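Below is one structure, written out as structure tokens; comments come after it.
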Amino acid sequence: MKLHKLIIATLAAGSLAVLASCSGKSAQAESTPAETQEEVATTEGTVRVLAQGEVFDVNETPQCLTIIDFNATWCGPCQAFGPIFEEAAKKYGDKVKFISVDVDVHKDLAESLQINSIPAILFMYPDGTKDMSVGLMDSDEFCGKIDSALNK
């Protein structure tokens, strides 16, 4: 009987430890994307994060090449693409505007563009044309698309 109680007590303590560690990771995971998005917004001012309540008119013709990354904090490929997007923003500087849009925050914008899969990258050209790429791109592929767009 003592052995039975000892086993139950050990299992209960182990379960509590696992639950405590999982909830700590979950809270950390929830706060990290927001912190990352804030960092993106302030890193050299190269990537503009569309804030909650802020409106962006995709029908307006941009003055220069504008690239919009539609993403979500829960999306693994989106999180993998984030650093690639940031690096490209640093590389192309003033030649290109880079905007990050969380589809959970800007549902209406995502729906208006019929974005069903993410990451989705919208290229908006000064001549009024648009081009959408869906799915994770590596740095070479993304920079190649930017170079082609700049030479269009």
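The values are calculated or read from the model by the stated rules, or taken from the named source; none is laboratory data. Nothing here was measured: the structure is a model prediction, and the numbers come from that model. A quick note on method: Cβ atoms are made from the backbone with ideal geometry, for glycine too, and the neighbour counts reach across all protein chains shown. The accessibility values were calculated without ligands, DNA or RNA, using every heavy atom of the protein model including side chains. Shrake-Rupley method; radii C 1.70, N 1.55, O 1.52, S 1.80 Å.
What the table below lists for this structure:
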quantity: Output for region 51-90, where each listed residue is at pLDDT below 95 and within 16 Å of LEU113 (Cα to Cα); calculated: VAL55, PHE56, ASP57, VAL58, ASN59, GLU60, THR61
quantity: Complete set of residues in region 62-75 that are under 22 Å from GLU111 (Cβ atoms) and open to solvent by 40 Å² or more (accessible area, probe 1.4 Å); calculated: THR73, TRP74
quantity: Filter result for the condition that a residue is modelled with pLDDT under 85, open to solvent by less than 60 Å² (accessible area, probe 1.4 Å), part of a helix (DSSP H, G or I) and of a type in the set (Ser, Thr, Tyr), over THR10, THR32; calculated: THR32
quantity: Hits in region 76-103 (condition: exposed (fewer than 13 other Cβ atoms within 10 Å of the Cβ) and free of Cβ contacts under 8 Å to residues at least 40 places away in the same chain); calculated: GLY76, PRO83, ASP94
quantity: Any chance GLY93 is part of a helix (DSSP H, G or I) and at pLDDT below 95; calculated: yes
quantity: Filtered residues of region 111-134 (kept if under 12 Å from ASP69 (Cβ atoms) and either small (Gly, Ala, Ser) or not in a strand (DSSP E or B) (or both)); calculated: ILE115, ILE118, PRO119, ALA120, SER133
quantity: Residue list for region 119-138, filter: open to solvent by 40 Å² or more (accessible area, probe 1.4 Å) and under 15 Å from the mean Cα position of the chain (by Cα); calculated: VAL134, LEU136, ASP138
